[in-house]
Amino acid sequence: MTHESAPHAVPEAPTSVYQRVLGAQFDELAPQLREYLALPGDGQVGFGTGTFEVAGSRKRWLRPVFAVLARQRLVFPEFGRNVPFTITTVPGPGDGLSAGREFQFPGRVRQIEDTLHVIDGQLHDFVGRGRSLEVRLRVRVVDGGLSMISDAAWLHLGPLRVPVPAIFGAKIVLSQRWTGDAHRIEVHLSNPLLGDIFEYAGHFSHRWE
């Protein structure tokens with residue numbers, strides 16, 4: 001009597017946070033964006049360098065508030081043009097993706113940190129040194145580029161997860177595309193009462209090592 005072995009399920013290949021939220025749309029991205037947003041290989045770290053035409057807040061009266069938030073690596077109070085920029089991207093923790101950004105102003109380097117996770121099929125960005133601000137992002141592909149718009153936010157205060165009312169928060173609009181020789185990224189933060197309050201936009205190159 002012979003026994004046939006049961007077929008073994010083939011495990012799915014691991015995917016990046018962007019691949020998981022975009023699904024089939026991921027293949028609609030420009031090839032250079034797919035490479036940038038795909039899951040890096042084991043032990044790989046991403047490095048990007050470039051220059052932003054603008055970076056920071058144009059509203060001077062908000063700068064004392066942003067100076068406090070800069071300590072948590074959320075935003076910063078400076079505003080500059082032609083600001084050198086670097087980004088370092090590492091997988092984790094868990095199945096997330098973490099990034100650290102540096103904006104090199106004269107005499108000072110400002111940082112913004114975040115970690116992306118997929119929760120219930122949607123992209124959530126945990127921002128700041130302690131990842132205390134959580135932002136939910138709607139992600140889609142537009143003309144081969146990436147579009148992300150926030151639609152909810154929470155503050156993590158110890159064990160509490162407190163919703164942030166839109167009137168007190170900031171809507172994030174991000175777009176990224178391939179321009180033919182570099183990545184182009186534009187990020188804008190706006191408040192319902194105050195209008196545009198923070199931005200950065202420019203080009204950068206990227207490699208995995």
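The values are calculated or read from the model by the stated rules, or taken from the named source; none is laboratory data. These numbers come from a predicted model, not from an experiment. Virtual Cβ from ideal backbone geometry, glycine too; neighbours counted across all protein chains shown. What goes into the accessible areas is simple: the full protein's heavy atoms, side chains included, and nothing from ligands, DNA or RNA. Shrake-Rupley method; radii C 1.70, N 1.55, O 1.52, S 1.80 Å.
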(message) I'd like to check one number: the per residue accessible area of the chain, probe 1.4 Å, reported in Å² as a whole number.
(response) 56 Å²
(request) Could you please report the charge total around residue 201, scoring K, R as +1 and D, E as -1 over all other residues with beta-carbon less than 10 angstrom from its beta-carbon? (result) -2
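What translational diffusion coefficient, in µm²/s and rounded to a whole number, does the Stokes-Einstein relation yield for segment 7-127 at 20 °C and a viscosity of 1.002 mPa s, taking the hydrodynamic radius as the Kirkwood radius over Cα pairs? List each step's numbers first, then the result.
Values: Rh = 16.4 Å.
D, rounded to a whole number, is 130 µm²/s.
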(message) Using a Debye calculation, one point per C-alpha and no hydration shell, please list log10 I(q)/I(0) for segment 62-138 at q = 0.13, 0.14, 0.26 Å⁻¹ in order.
(response) -0.44, -0.50, -1.20
(request) Please report the relative contact order for the chain, taking Cα pairs under 8 Å with a sequence separation of at least 6, and give it as a percent rounded to a whole number. (result) 21 percent
(request) Determine the calculated [θ] at 222 nm for the chain from helices alone, applying -39500 (n - 2.57) to every DSSP H run no shorter than 4 residues and normalising by the residue count; nearest 500 deg cm²/dmol. (result) -2500 deg cm²/dmol
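Work through the residues other than residue 124 whose Cβ is under 13 Å from its Cβ and net out their charges, Lys, Arg +1 and Asp, Glu -1.
-1
Which of the peptides 78-90, 56-68, 155-167 is most tightly packed, and how do the rest follow, judged by the mean count of other Cβ atoms within 10 Å per residue? Don't jump to the answer; show the numbers that get you there.
Values: 78-90: 16.7, 56-68: 14.5, 155-167: 10.5.
Per-residue Cβ counts within 10 Å, averaged per peptide and sorted highest first, yield 78-90, 56-68, 155-167.
Sorted by packing (mean other beta-carbon atoms within 10 Å per residue), highest first, where do 142-151, 35-44 land?
Values: 142-151: 15.8, 35-44: 13.8.
Highest to lowest by the protection proxy: 142-151, 35-44.
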(request) Take the alpha-carbon positions of segment 96-209, form their convex hull, and give its projected area averaged over all directions (one quarter of the hull surface) in nm². (result) 9.4 nm²
(request) Report the full-extension gain for the segment residue 179 to residue 122: residue separation times 0.36 nm, less the Cα-Cα distance, to one decimal in nm. (result) 17.8 nm
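Starting from the Cα-Cα distance between residue 161 and residue 86, subtract it from 0.36 nm times their residue separation and give me the gain in nm to one decimal. Intermediate values should be presented prior to the final figure.
Details: separation 75, 0.36 × 75 = 27.00 nm, distance 3.11 nm.
Fully extending the segment from residue 161 to residue 86 adds 23.9 nm.
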